[in-house]
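Every read-out reported here was derived from the displayed coordinates using simple, explicitly stated rules and does not represent laboratory data. This is a predicted model, so every value here is computed, not measured. Here the Cβ is made from the backbone with ideal geometry for all residues, glycine too, and neighbour counts use every protein chain on show.
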Amino acid sequence: MESNNSQQTLTQAFRLLKFTFVIVPIVAGADKFTNLLTHWEQYLNPSIAGVLPFSASAFMMIVGVIEIIAGIIVLKKAEIGGYIVAAWLTVIALTLLLGFRYVDVAVRDLVMAISAFAMARISKIIA
């Protein structure tokens with residue numbers, strides 16, 4: 001009986017994480033085109049923006065497409081998508097930390113990266 005409860009609890013936790021990492025990347029990615037939630041260009045490290053062959057706005061739209069695709073991958077293949085989202089969030093956090101800007105957001109993104117990694121690991125047990 002205890003094993004069944006543990007499995008059910010683990011399944012519920014996995015589903016909650018999966019739902020989160022499907023919805024959040026898709027919403028954040030879509031918002032790169034509208035800037036309703038925030039003005040995303042402000043998070044772009046100025047040294048990176050300076051070497052881009054296109055505008056910061058165009059770069060953020062590319063980022064948005066990648067985030068939407070990542071959310072869809074989590075929906076279809078949670079393990080692979082979880083590792084992709086974890087890596088993506090880690091890269092974002094590192095770029096924020098390089099400029100020592102938005103450190104609070106960088107820390108939040110690292111926590112979310114750990115959660116996405118945990119979801120990917122749990123998916124091996126649930127699937």
Next on the checklist: Restricting to region 29-44, count the residues that are buried (at least 16 other Cβ atoms within 10 Å of the Cβ) and either over 10 Å from Val63 (Cα atoms) or in contact with a Lys or Arg (Cβ under 6 Å, 6 or more places away or on another chain) (or both).
Outcome noted: 4
Item to check | Filtered residues of region 37-61 (kept if part of a loop (DSSP other than H, G, I, E, B) and either in contact with a strand residue (DSSP E or B) (Cβ under 9 Å, 6 or more places away or on another chain) or farther than 13 Å from Thr95 by Cα (or both)) | outcome: Leu37, Thr38, His39, Gly50, Val51, Leu52, Pro53, Phe54, Ser55
Item to check | region 89-104, residues that are surrounded by fewer than 19 Cβ atoms within 10 Å (Cβ to Cβ), in contact with a helix residue (DSSP H, G or I) (Cβ under 6 Å, 6 or more places away or on another chain) and part of a helix (DSSP H, G or I) | outcome: Thr90, Leu97
Checklist entry - Out of all the residues in region 1-27, which are of a type in the set (Gly, Ala, Ser) and either over 20 Å from Lys77 (Cβ atoms) or part of a loop (DSSP other than H, G, I, E, B) (or both)? => result Ser3, Ser6
Checklist entry - Applying the selection to region 75-87, what residues are in contact with a helix residue (DSSP H, G or I) (Cβ under 7 Å, 6 or more places away or on another chain) and either charged (D, E, K, R) or in contact (Cβ under 8 Å) with a residue 40 or more places away in the chain (or both)? => result Leu75, Ala78, Glu79, Ile80, Gly81, Gly82, Val85
Checklist entry - Which residues, taken from region 11-28, are of a type outside the set (Lys, Arg) and buried (at least 19 other Cβ atoms within 10 Å of the Cβ)? => result Phe14, Leu17, Phe21, Val22, Pro25, Ile26
Checklist outcome for this item: Of the conditions (1) more than 14 Å from Thr20 (Cα to Cα); (2) in contact (Cβ under 8 Å) with a residue 60 or more places away in the chain; (3) surrounded by 14 or more Cβ atoms within 10 Å (Cβ to Cβ), the single one that Ile125 does not satisfy is (3)
Checklist entry - Hey, among Val65, Val24, which residue is under 21 Å from Arg121 (Cα atoms), hydrophobic (A, V, I, L, M, F, W, C) and in contact with a helix residue (DSSP H, G or I) (Cβ under 8 Å, 6 or more places away or on another chain)? => result Val24
Next on the checklist: Looking at region 48-67, I want the residues that are more than 20 Å from Gly99 (Cβ to Cβ) and have a partner that is among the acidic types (Asp, Glu) with Cβ atoms under 9 Å, at least 6 apart or on another chain. Which pairs are those?
Outcome noted: Gly64/Asp31
